[in-house]
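Engineer: Take this structure first; my questions come after.
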Amino acid sequence: KVVCVTGASGFIASWIVKFLLQRGYTVRATVRDPTGNPKKVDHLLKLDGAKERLQLFKADLLEEGSFDSVVEGCDGVFHTASPVRFVVNDPQVELIDPALKGTLNVLKSCAKSTSVKRVVLTSSNAAVSFNTRPKNPEVVVDETWFSNPDFCRESKLWYVLSKTLAEAAAWKFVNENNIDMVSLNPTMVAGPLLQPEVNESVEPILNLINGIPFPNKAIGWVNVKDVANAHIHAYEIASASGRCLLAERVVHYSELAMILRDLYPTLPISDKCEDDGPYMPTYQISKEKAKSFGIEFTPLEISLKETVESFREKKFIDF
Ligand code: NDP
């Protein structure tokens, strides 16, 4: 079967492409600039099966109709492309427009196509758990939770807002246009990197092992290979529908630092928090739906080890 992966050079998408090729699919991979920056695609072209079954396409989220010809002829579309940046100057231009307009752009191409049977949307926990509902270790966040755009705006959580608006618009569009879509909502993703550059969600781990004080935040983590597999299951399991949260567990950064210290006792991992306030409480994330997708989560300890080993292999750290 032929499938499309948007934003194929990214951290998560690269693993999706790798697993799809392993499973015998023909993959149409979209990137913004397939020829201008070989570093973006070299790792994809080296994957097993790439020579025979990987085709690169140029497509931009903000270019109307950019995905039309890629999507036509595909059975499934994995829409992962969306900017992941936690610090920006202009949230509308840098995050919200590409996330929101980009998602609708891709879905419009799917609506026009005569072949697409299912869309798998890479949404995020960002679109789930950022609202005014209290959180503590007893609270279980599940697929019925939605982030609140006003809360995101007031808290200036621009990336979170971009993912919240994009997922909401996606559901509205697919319901109105009779498109079969499954949304995956991972927390922060860790694990080995296939791409040559450090991406945003593993950067906090690099900061920790470089001795930088940790943020006062409790956040969920999940392994990139589990996330990529979940995408493929969400596409292949005919009965899959709705949203699916993906998290191994939520920990405060102090605990993340502790795990890393246990794994790497010689590294200068800080035991200092960025602020003096009480630690932000943890909460739980339901794994019920993920179980129904056949997902078993890799323990966080292993995901962290794989991330650090990958940093070492790529020479982002030297020890
Ligand atoms: P990466 O930054 O590694 O990948 C993002 C991809 O989106 C890149 O391929 C990037 O292309 C592409 N992209 C960004 N803007 C545009 C644009 N205007 N037109 C075309 N492509 C664009 O991030 P991740 O792999 O971490 O994230 C992938 C998806 O997963 C995103 O939707 C993200 O929101 C979601 N997600 C990520 C989590 C994480 O912790 N990593 C957690 C939950 C969800 P280019 O390389 O050219 O910039």
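Read-outs: derived from the displayed coordinates by stated rules, not from any lab. Everything numeric here is computed off the predicted structure, so don't read it as measured data. Methodologically, a virtual Cβ is constructed for each residue, glycine included, from the backbone with ideal geometry; neighbour enumeration extends over all protein chains shown.
Engineer: Please give the number of the condition Lys58 fails out of (1) out of contact with any Ser or Thr (no Cβ under 6 Å at 6 or more places or on another chain); (2) near the ligand (Cβ under 9 Å from one of its atoms); (3) charged (D, E, K, R).
Structural biologist: (2)
Engineer: While we're here: Determine, yes or no, whether Ala218 is away from the ligand (no atom under 14 Å from the Cβ), surrounded by 16 or more Cβ atoms within 10 Å (Cβ to Cβ) and under 20 Å from Glu248 (Cα atoms).
Structural biologist: Against the criterion (away from the ligand (no atom under 14 Å from the Cβ), surrounded by 16 or more Cβ atoms within 10 Å (Cβ to Cβ) and under 20 Å from Glu248 (Cα atoms)), Ala218 qualifies.
Engineer: Examine the range 17-32 for a residue that is near the ligand (Cβ under 10 Å from one of its atoms), assigned to a loop (DSSP other than H, G, I, E, B), surrounded by fewer than 15 Cβ atoms within 10 Å (Cβ to Cβ) and over 18 Å from the mean Cα position of the chain (by Cα), and state whether such a residue exists.
Structural biologist: Checked against the condition, which is being near the ligand (Cβ under 10 Å from one of its atoms), assigned to a loop (DSSP other than H, G, I, E, B), surrounded by fewer than 15 Cβ atoms within 10 Å (Cβ to Cβ) and over 18 Å from the mean Cα position of the chain (by Cα), the range 17-32 yields no hits at all.
Engineer: While we're looking at this one, here's another question. With the range 215-313 as the region, which strands (runs of 3 or more DSSP E) entirely inside it contain at least 3 residues that are touching an Asp or Glu at 6+ places or on another chain (Cβ under 9 Å)?
Structural biologist: Fully inside the range 215-313 and qualifying: 218-223, 242-246.
Engineer: Further question: If you scan the range 107-134, which residues turn out to be within 18 Å of Met188 (Cα to Cα) and more than 17 Å from the chain's Cα centre (by Cα)?
Structural biologist: Within the range 107-134, the subset within 18 Å of Met188 (Cα to Cα) is 121-131.
The one that is within 18 Å of Met188 (Cα to Cα) and more than 17 Å from the chain's Cα centre (by Cα): Asn131.
Engineer: Among the residues of the range 107-118, is there at least one that is assigned to a strand (DSSP E or B), within 13 Å of the ligand (Cβ to nearest atom) and not hydrophobic (A, V, I, L, M, F, W, C)? Let's see the steps before the verdict.
Structural biologist: Taking the range 107-118 and keeping what is assigned to a strand (DSSP E or B), we get 118.
Now drop any that are not within 13 Å of the ligand (Cβ to nearest atom), which leaves none.
Within the range 107-118, not a single residue is assigned to a strand (DSSP E or B), within 13 Å of the ligand (Cβ to nearest atom) and not hydrophobic (A, V, I, L, M, F, W, C).
Engineer: I'm told Asp42 meets every condition in (1) within 10 Å of the ligand (Cβ to nearest atom); (2) of a type outside the set (A, V, I, L, M); (3) in contact (Cβ under 8 Å) with a residue 12 or more places away in the chain; (4) surrounded by fewer than 21 Cβ atoms within 10 Å (Cβ to Cβ) except one. Can you identify the failing condition by its number?
Structural biologist: For Asp42, the failing item is (1).
Engineer: Further question on the same structure: So which residues in the range 66-106 are among the small types (Gly, Ala, Ser), more than 17 Å from the chain's Cα centre (by Cα) and not in a helix (DSSP H, G or I)?
Structural biologist: Ser66, Gly73, Gly76, listed by residue number.
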